Amino acid sequence: MSKVLILRVQSPEGTKRINITAQDTYKNLYEKVVDAFSLSSSDDFILYKETHKKSPIDRSSLRINFRHGDQIYLVPEHDNVFSKPSNVSFVIKSDHPIDISTSPLSFISKLIDIKEDDVDLQLDKVDGKIPRQQDSRLCHHNRHGKCLHCIPIEPYDEEYLKNHSPPIKHMSFQAYIRKLQNEASAEKNTFSSLENISCSIKEQCLTGHPPWPKGVCTKCQPSQMTLMRQTHRHVDNIMFENGNMVNRFLEYWRSSGHQRIGFLYGRYEIYDGVPLGVRAVVAAIYEPPQETSKDSVQLIFPDPQEATIHKVAYRLGIRRIGWIFTDLIPNDKRSGTGPVIHHRGSANTLFLTAQECIMAGWFQNKNLNKCKYSPDGYFGSKFVTVVVTGDATGQIQFEGYQVSNQCMALVKSEILLPTYDAPELGYIKETSPEQYVPDVYFKEKDSYNNEIMKIGRPLPLEYLILDVPTGFPTANNQMKSTFNDTCSIIKTPFCIENRTRTDELQDMDTLALYLQQFAEIDVKRANSLPYKATDILADLHLLRYLVANDIFQFSMDQIDPLFDALRNNDLNGVTTWMESEAWQTLLQLLQIELPGLSSSMKQLTPTVTNEQSSNWTCSECTFLNDNFNQTCDMCSLILFSNKKMNVGSNRLDLASASSSDASSDNTLPPQYKVLTLSFNQDCTSLAMSTPTTYSLFTISQDNKIDEIHNCAYTEISTIERLFSSSLIAVVSSQAPRKLKVCHFMRGTEILSYSFANTILAVKLNRSRLAVCLEESIYIHNMRDMKLLHTIRDIPSNRDGLCALSISDENPYLAYPGSTVTGEIQIFDTVNLKPGILIAAHESPLAAMAFDMTGAKIATASNKGTVIRIHSSIDGLCLFEFRRGVRRVATIYSLAFSPDSMYLAASSNTETIHIFRLVNQKEKPPEVASSWMNSFGRILGGVAYYLPKHTTEVLTQDRAFASVHSQSAGTKTTIAMNIFNKTLKLFVAGYDGVLSVYEVNTNEGGECKQISQHLLFNMTQNLSNMQTITTNDRQNSLGGSKQLYPTNTIQNESHSISVSSKLTNEKLSNDQPFSTAVDDKDFPKLPLPPKYDDE
């Protein structure tokens, strides 16, 4: 019997072993190879004894002459030798019938209908060769001839790129394709397709072995990678259309000191600075939702407006082409001014950190470059990265980069990691049972100048980075801007989205302020408009707001004509669109809410016909009246009152709390400067602190306000009283991490706690004490003050916003669940476990409050437009109230009535709104008491003709009652209580004035002021006379002020005498107030261990 020999057969699909004997022939060998590789015929390949197609083996009947263990080589005759029949059908567009089974795979991708970028289609038709002039010393032919010294050279010629001024480090992608095509043509081979790199195991291997980690083979195993510097790049230059857009982007860093990320929107065009080059032209910067700090930025995914901004950009003929981020460190870190530090962008520092390379690779994988030469339909990416940093002279510079295709593959497979202490180095993940990781090597020269291979743990990032020149148009080579960044008329551009940290809000006020600068131009003096209609609307941030705002949304059908006109720079098209009904409706809404703009806004209508000029529009109900009518036919408003203008100011009132609070007035003496105000849980007491003292007041049934305690205590930032007991919790700004619980009647300190960070808020009820820090909340037992639970890693809560229910049945704690959206996290303080997460608003929260039962929670966002009430048990939205169309409003305080039938809201505007919690079925018919009610009633008949979202906004429930204050912008704290069967509203202002109003629960409307109190004595400066500003509606119109004796408080019918000292002399230590928690429950306790030293 012949001895069995093993012969190894190497093929493009791997190596297999076959058994042969000395009696086998070469013809038998071919048949065994066919069986081993499951091929269809032996005519599809040739066997060779050596590599490089040397020593072919014939299909003869001679006996073989091999030894045990010899290796032969299988070379297929065509590409689809190893392909198996598949049920997948290719849709190929061609003028001639094509047989898929015989067509090479490298050409199938060319026939598939792949829509490449316009710039690639243009470059594909260009020859691309670089012309050269005749050299008089070397060229001896006539001017029509060509020789070796003047013939055009290829766009990838290395000598030309090297000697170019400045030198071109990387050839363009189209030049790289020409190089591959010419190399294939020189070797008389077919141009090989562009294969994308993969570092992951192929799924569903055809060999049938178990998946990783139980099995792997050479067919599904990724090949090892050797990092090489990429010779080509997909984008050869980055150009910003103008510098104004970048300045606006940098204003965020200049004002806050925080870093920032933005997405670049623009287009790709041919760049003649590099042969067959591509330039990325940046037209606008969109700033997505993000959390920023001085040394880091965290993007928030997903962006709820991503689809909208993509759609708007597509209709304007631009697209997302890259991203930009700042890495700016001021030289003077304390003041944040001066030149910036040069800490990156050179060979001695770093270009991109590993984390930035991973981010750039992730973005490039999300934005792939369509390519017909790749079987996958894509190859590489044109997505660019721009870094704003400091140069060697301390000035701001812009550096452009891309990462290589190898880096994209490493990031896509999630095997490239950043290092902990060396940002300029990356690290390749090691193989684990969860993931197979191929070996990644790079070449490095040793001390003897020899190249050695090293494993990429760690690896230098310069192998993965491609630098791209970045700049701006020069004075001699200006570029036309897509948007209105270069319009000299615009002094106040429309604000940028997602900038709540710098108090920039996209709302109706900012829209009106933006439009007002065009409307206020004196057309008669200028003889003609110094701006075009495109200058008004050609703003990406404005266009996104028109589509995405929640007051008056334009549908895509309504705004598409504007996009077409802006894309084609059609001035007449933009003018026609501004005459449309949708734009005119928006202008009417702005005029209704802001009457001061009524006359000037007329200039924003491009054309005014005689018929239009003969009519006038009512500012209350927007009804179009005939010119001869002196009163409105709809609401009977007199024409004179309709034409009244706010002559006191030409600007919108964008009041903020910081600029108007009495507490921020540095001219006041310290004893008259209010630091904090807080009502207790049942609105029977008020606590106030000044820089030198804190005081406690009681609120009696007959509206009498008595000071029961006054203590000299420096800089109290937080003070909370437990119902009407003698227990208070205080925090001083001099020791902001220490909480003290005191018995103010005895003047004793029960205990103190020290925390790791600043205490931002303290909340009390009968069983729990909650201490809120920026990123954690501590819950203590109110009986013995023991720590029960710590809620850690909450979203950053810099304002200490939280609410604690006083109900035993629903003992809930609420705090923000997100820093980007208005989510409420409910926490059960008895069972110490989290409850439901309520998505209340789209914007971050600004205020929240529980009702007495703890079953309802009211919230308002930082936009201050909509107030919603949800069930704290199941998260159901119970009520939704709209404060008004005007958007710039900071909600200071929310308060429920004891019966949970009414909700009050105070803000930095002059109005305090009171809403009635009545279901639609139970609501009685109301008489319109405001222009919004009148307008809502009118909309009932024409709702069909308005956009659905606009109709919902204008017909939502609004305030049942209201209070108008003269001191708009003064920060206030409010509470509601029922005294003598009458609902009363208490408004405590940071100017030291407490006002009491009576709410008419039957008819609503304007609340009646019944008393007003000064919380500190000002007789020293006013010669025993106090200035009290009444808030009666009639007096507030005239702004009247009246002087009253020191010891009297003005009332509608009579004066009430109070003690000048505002103290309760009858109270003593043996006759305390009725305490909800008895003093004996608080024995002397040992001090707990401190979290940190003060």
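Structure values in brief
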item: Where Val34 falls short, out of the listed (1) open to solvent by less than 40 Å² (accessible area, probe 1.4 Å); (2) touching a strand residue (DSSP E or B) at 6+ places or on another chain (Cβ under 8 Å); (3) not in a strand (DSSP E or B); result: (2)
item: Members of the stretch 1-27 found to be over 23 Å from Pro76 (Cβ atoms) and either out of contact with any strand residue (DSSP E or B) (no Cβ under 9 Å at 6 or more places or on another chain) or not in a strand (DSSP E or B) (or both), listed by number; result: Met1, Ser2, Lys3, Val4, Thr21, Ala22, Gln23
item: Within the stretch 256-302, strands (runs of 3 or more DSSP E) holding 2 or more residues that are hydroxyl-bearing (Ser, Thr, Tyr); result: 261-271
item: Criterion (farther than 20 Å from Val126 by Cα and assigned to a helix (DSSP H, G or I)) met by exactly one of Lys179, Lys162; result: Lys162
item: Condition check for Ala347: more than 21 Å from Thr500 (Cα to Cα), in the same structural domain as Gln406 (by the TED database) and at pLDDT 95 or above; result: no
item: Condition check for Ile309: open to solvent by 40 Å² or more (accessible area, probe 1.4 Å) and β-branched (Val, Ile, Thr); result: no
item: Residue match in the stretch 279-301 (condition: open to solvent by less than 50 Å² (accessible area, probe 1.4 Å), touching a residue at least 40 places away in the same chain (Cβ under 8 Å), β-branched (Val, Ile, Thr) and touching a His at 6+ places or on another chain (Cβ under 7 Å)); result: yes
item: One residue from Ala655, Ala687 being at pLDDT below 90, surrounded by 14 or more Cβ atoms within 10 Å (Cβ to Cβ) and either of a type outside the set (Gly, Ala, Ser) or outside the structural domain of Thr909 (by the TED database) (or both); result: Ala655
item: Residues of the stretch 715-759 classified as assigned to a loop (DSSP other than H, G, I, E, B) and hydroxyl-bearing (Ser, Thr, Tyr), total; result: 5
item: Selection from the stretch 735-783 of residues that are in contact with a helix residue (DSSP H, G or I) (Cβ under 9 Å, 6 or more places away or on another chain) and open to solvent by 50 Å² or more (accessible area, probe 1.4 Å); result: Arg746, Arg783
item: In the stretch 416-434, the residues that are under 20 Å from Ser223 (Cα atoms), open to solvent by 40 Å² or more (accessible area, probe 1.4 Å) and not in a loop (DSSP other than H, G, I, E, B); result: Leu417, Tyr427
item: In the stretch 257-294, the residues that are more than 15 Å from the chain's Cα centre (by Cα) and closer than 21 Å to Ser818 by Cα; result: Lys294
item: Number of positions in the stretch 223-242 that are part of a loop (DSSP other than H, G, I, E, B) and surrounded by fewer than 19 Cβ atoms within 10 Å (Cβ to Cβ); result: 5
item: Subset of the stretch 435-477 that is of a type in the set (S, T, N, Q) and surrounded by 12 or more Cβ atoms within 10 Å (Cβ to Cβ) - its residue that is modelled with the highest pLDDT; result: Thr470
item: Checking Lys443 against (1) under 32 Å from the mean Cα position of the chain (by Cα); (2) assigned to a strand (DSSP E or B), the condition it does not meet; result: (1)
item: Listing of strands (runs of 3 or more DSSP E) fully contained in the stretch 785-852 that carry 1 or more residues being touching a Lys or Arg at 6+ places or on another chain (Cβ under 6 Å) and modelled with pLDDT of 95 or more; result: none
item: Residue within the stretch 259-268 that is more than 25 Å from Thr353 (Cβ to Cβ), among the hydroxyl-bearing types (Ser, Thr, Tyr), open to solvent by 10 Å² or more (accessible area, probe 1.4 Å) and at pLDDT 95 or above present; result: yes
item: Residue list for the stretch 388-447, filter: more than 30 Å from Ile341 (Cβ to Cβ) and in contact with a Ser or Thr (Cβ under 6 Å, 6 or more places away or on another chain); result: Ser413, Val437, Tyr441
item: Pairs where the first residue, in the stretch 431-449, is within 18 Å of Leu461 (Cβ to Cβ) and the second is open to solvent by 80 Å² or more (accessible area, probe 1.4 Å) and modelled with pLDDT under 90, C-beta under 9 Å, 6+ apart; result: Lys443/Glu451; Glu444/Glu451; Lys445/Glu451
item: All strands (runs of 3 or more DSSP E) inside the stretch 316-409 with 1 or more residues being more than 27 Å from the chain's Cα centre (by Cα); result: 330-332, 337-340
item: Selection status of Ser200, outside any helix (DSSP H, G or I), touching a helix residue (DSSP H, G or I) at 6+ places or on another chain (Cβ under 7 Å) and open to solvent by less than 80 Å² (accessible area, probe 1.4 Å); result: no
item: The stretch 522-556 - residue that is in a loop (DSSP other than H, G, I, E, B) and surrounded by fewer than 15 Cβ atoms within 10 Å (Cβ to Cβ) and, of those, modelled with the lowest pLDDT; result: Asn527
item: Yes/no for Arg882 being over 26 Å from Thr718 (Cα atoms) and open to solvent by less than 20 Å² (accessible area, probe 1.4 Å); result: yes
item: Condition check for Asn348: of a type outside the set (Gly, Ala, Ser) and closer than 19 Å to Ser413 by Cβ; result: no
item: Number of the condition not met by Ile496 [criteria: (1) β-branched (Val, Ile, Thr); (2) in contact with a strand residue (DSSP E or B) (Cβ under 7 Å, 6 or more places away or on another chain); (3) in a helix (DSSP H, G or I)]; result: (3)
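Here is a yes/no grid of residues against (1) touching a strand residue (DSSP E or B) at 6+ places or on another chain (Cβ under 9 Å); (2) assigned by the TED database to the domain that holds Ala360:
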position	(1), (2)
Ser193	no, no
Pro210	no, no
Met225	yes, no
Ile238	yes, yes
Asn244	no, yes
Arg254	no, yes
Gly257	yes, yes
Leu264	yes, yes
Val274	yes, yes
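The values are calculated or read from the model by the stated rules, or taken from the named source; none is laboratory data. All values reported here derive from a predicted model rather than from experimental measurement. Backbone-built Cβ (ideal geometry, glycine too); neighbour counts: all protein chains shown. Accessible surface areas use protein heavy atoms only, side chains included; no ligands, DNA or RNA. Shrake-Rupley method; radii C 1.70, N 1.55, O 1.52, S 1.80 Å.
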